[in-house]
Amino acid sequence: MDQRLIFTPMGSLAFLTFGVLLLIPLRRFRAGAAGEIVSDDFKFGESANVPGHVAIPNRNYMNLLELPMLFYVGSLMFYVTSKVDGLVLGIAWLYVGLRIVHSIIHLTYNKVMHRLAPFALSNVVLMAYWLIFFLR
């Protein structure tokens with residue numbers, strides 16, 4: 001199998017992260033124009049004055065920079081050791097798909113119990129990803 005195929009799910013997750021990053025200033029500028037926030041609301045992070053619909057993209061962005069780092073590292077480990085195969089690629093795509101679903105829920109209607117399922121399952125998938133690497 002072409003080991004470079006692992007870069008496709010990695011790139012997809014990176015582009016999701018960049019997309020969410022772009023939402024942060026968009027929502028902030030809109031909220032500022034609507035008079036919902038002022039620049040001092042961000043002087044020391046996000047103040048309690050920042051409405052949820054403005055704060056959520058930033059929180060989702062932070063989520064995409066936390067555990068997904070272990071996905072990127074794990075993927076590079078599979079690549080460097082030439083252990084990328086169909087199973088690894090399938091699990092990588094499953095992880096990315098679950099993170100996409102989590103972000104969509106988080107950034108739209110944001111029902112906590114709905115977003116918990118893909119988030120928790122993605123963490124289980126990530127643990128399995130690492131387990132598979134070390135079992136091989």
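Of the residues Val112, Val88, Val20, the one that moves most in a GNM of the chain with alpha-carbon contacts below 10 Å is Val112. Axis angle, to the nearest 10 degrees, between helix 7-33 and the longest C-alpha principal axis of the chain: 0 degrees. Normalising the average separation of contacting C-alpha pairs (under 8 angstrom, six or more residues apart) by the number of residues puts the relative contact order of segment 73-136 at 40 percent. When its C-alpha radius of gyration is set against 2.2 N^0.38 Å (N residues), the chain gives a value of 1.22.
The numbers here are math on the coordinates, done by the rules we state, and not lab data. None of these values were measured; they are calculated from a predicted model.
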